[in-house]
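In what follows, a single structure is set out as structure tokens and then discussed.
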Amino acid sequence: MTDLLTQLPPDPILERRAIIHARAAKTIRRRTWISNFFLAALVAAFLIALIPLGSVIFALIDRGLSSITWNFLSTLPQQPSLIAQNSIGGIGNAIEGTVIIDGLAGIIAIPIALLVGLYLSESSSRIANFLRAIVEIMTGLPSILLGVFAYEYVVVPMKAFSGLAGIVALSVLMVPVIAKASELAFRGVPSTLREAGLALGARSSRVSRGVIIPAAMPGVITGVLLSLARAMGETAPILLVIGASGTWGWNPMHQMSSLPLLTYNYSGSQYPSQRAAAWGVALALVAMVMLLSLGSRFVSARMRKERR
Amino acid sequence: MKENTDTDTQSSGSEVAERIRRSATSDRPYQFLLRGTALFFGAVIVVFVWSVVHTAWPAISTFGFGLVTGSSWVAGTGPYGALPLLTDTVLTTLIALVFAVPIGLASALALLFLIPQKIRSTASSLIELLAAVPSVVYGLWGLWYLVPWFTKTLQPFLAGVTGGRWPFNGPQEGFSVLLAGLVLSIMILPTIVAISRDVISVVPRDLIEGGLSLGATRGQVFLRVVLPSARTGILGAIALGAGRALGETIAVAMVIGSNPQIPHSLFTSGATLASTIATQFGEASGSTGSALAALALMLMVITASVNAGARVLTKRARMPR
């Protein structure tokens, strides 16, 4: 047997492999060193990515927290003519405007978006595929374009800036985001559940209402809250259409104030006191946005736990 | 209940068929509702696109192609040439990608393979937190922290090291395309990390283990196996990030200096398509308003095509091989 093997001509592949193994063994120490260095660099890059986050949060607390008082959060801003002598007043109406605009935009967008999501998850016709592509592209479009849209179709016909125009812009912004998230959530429901419902003789509307929507609820709620959070921080479309307001106003047909817009306006203000207060406004805005994003995490985690 | 089942079993085939037909017909309102809503939203999108085209039309018919190729943009009086805005938009996006792509890919790899399991979800939610901060807050932060840092430290340093040669020449005022690009890179980082992590996570386990078993180090496997086999999806992630950077408005408007000019160095102030719309729309009337809508139309065409490309790439990447 061994004779037979030694008689065989040398196998070029085996020889080559031996050379490679020898070379690999010789370089393993150097390669390991380089590799570890590279891996450390990857982790370092990740830590570098967190520096801006840390810096932003630090800045918000360092410069913003001192302006946050109950008075600041609950009163109206100072008259522009009196700012030089007096305190700059509060942001109560901006908080109110933000909540109204974001809330009403959500009330308009959520039902539409859920039905679009349901349609996209149930249908795979050519029209549905086309709509799906459009919805996905819409989620990536710059929000300022919706400001132009709301300006042309709400501000121009009404001949006035209004909270309503902001609501229109934000709701069109929110629909694709919620529709996409809820489509994924609806698709994530096991098809056996749907088929079981249909096999029991339920209509597909009944199956959607009784099976699909409840089962997909955690994902849907996450998507809704995240899109509310995202819309709340949007400045660009709001900037073009809602105007400005120094008073309380519950009527979206009038001009309104809002936190992101106020942050933007204060940051470029001629009064140093307003420029400094921009951080207080920003902190209030970030707190509200974070509340929604963390809320979405909490709700979905909680609902998932309850399922088990 | 028992009786029901009995009658059901006794009912003839045609009766069952009839019942199924009836239940299908009575479900029609539901189908109408779904299709109607989808159709309605499609119509809203059409109206949205039309509103931009319609508002831009006077400017397009007056100035024609000069809107794109004209090299000077003066609000209020004209001329309305978007070339400086287009170059600034593309330049800031490229700067953003230069910073965000390596750091984003490294973070994605670190999150997937290197960071201990215990803190992995915390680490990835920190990156997601970066996406939750509103754009205007990044602008404010850039204005208060990065502008002074640029004027006092970074710009003198870069000019000193390079001897003030291109592209580090010019004014050292902080507000610059470089600063805008840097702020953008922070803002698009979460997008790049999230998408590239998704596409890297579907790289088949066999490929990675095959590489390791051949004696490659982990670093070599990342560079020669993981990244190449996820490259389509990574390109998609980069394109999505670029799409965000191209359209980002408020933060850029706050730090770029709002000065429409063709950049001659990284330190020159500028203005992007989106930032110009944001800063000038308020005072715009007549021809300026229409010219700004033409900018919006350019922005829409550019970002829609970039996003469509990104969609094709990421979709292909997620397909099983």
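The values are calculated or read from the model by the stated rules, or taken from the named source; none is laboratory data. None of the values given here were measured: they were computed from a predicted structure. Ideal geometry is used to build each Cβ from the backbone, glycine not excepted, and the neighbour counts take in all protein chains shown.
Miscellaneous remarks
- Residue within the range A:251-260 that is within 16 Å of the chain's Cα centre (by Cα) and buried (at least 17 other Cβ atoms within 10 Å of the Cβ) present: yes
- Helices (runs of 4 or more DSSP H) fully within the range A:151-216 counting 2 or more residues that are among the hydrophobic types (A, V, I, L, M, F, W, C): A:163-187, A:191-199
- Selection count where residues are part of a loop (DSSP other than H, G, I, E, B) and within 10 Å of chain A (Cβ to nearest Cβ), scope the range B:285-300: 0
- Selected residue (criterion: farthest from the chain's Cα centre (by Cα)) from residues of the range A:123-140 that are farther than 12 Å from residue B:38 by Cα and either within 9 Å of chain B (Cβ to nearest Cβ) or assigned to a helix (DSSP H, G or I) (or both): A:126
- Residue that is nearest to the chain's Cα centre (by Cα), among those in the range A:36-58 that are within 7 Å of chain B (Cβ to nearest Cβ) and within 17 Å of residue A:289 (Cα to Cα): A:53
- Among the residues of the range B:176-199, those that are surrounded by 22 or more Cβ atoms within 10 Å (Cβ to Cβ) and away from every other protein chain (no Cβ under 12 Å) comprise B:176, B:177, B:178, B:179, B:180, B:181, B:196, B:199.
- Meets criteria (farther than 30 Å from residue B:224 by Cβ, touching a residue at least 24 places away in the same chain (Cβ under 8 Å) and not assigned by TED's automatic domain parsing to the domain that holds residue B:280) for residue B:49: yes
- Pairs, first within 13 Å of chain B (Cβ to nearest Cβ) in the range A:202-223, second crowded, with 19+ Cβ neighbours inside 10 Å and aromatic (Phe, Trp, Tyr), C-beta under 9 Å, six or more apart: A:208/A:186; A:212/A:186; A:213/A:186
- Residues satisfying the stated conditions in the range A:116-137, i.e. crowded, with 23+ Cβ neighbours inside 10 Å, closer than 18 Å to residue B:46 by Cβ and either not assigned by TED's automatic domain parsing to the domain that holds residue A:188 or not β-branched (Val, Ile, Thr) (or both): A:119, A:120
- Total residues in the range A:118-157, condition acidic (Asp, Glu) and touching a residue at least 24 places away in the same chain (Cβ under 8 Å): 2
- Residue match in the range A:54-73 (condition: surrounded by fewer than 17 Cβ atoms within 10 Å (Cβ to Cβ), assigned to a loop (DSSP other than H, G, I, E, B) and not aliphatic (A, V, I, L, M)): yes
- Residue check for residue B:278: in a helix (DSSP H, G or I) and surrounded by 23 or more Cβ atoms within 10 Å (Cβ to Cβ): yes
- Residue within the range B:12-32 that is modelled with pLDDT of 85 or more and either in contact with a helix residue (DSSP H, G or I) (Cβ under 7 Å, 6 or more places away or on another chain) or more than 10 Å from chain A (Cβ to nearest Cβ) (or both) present: yes
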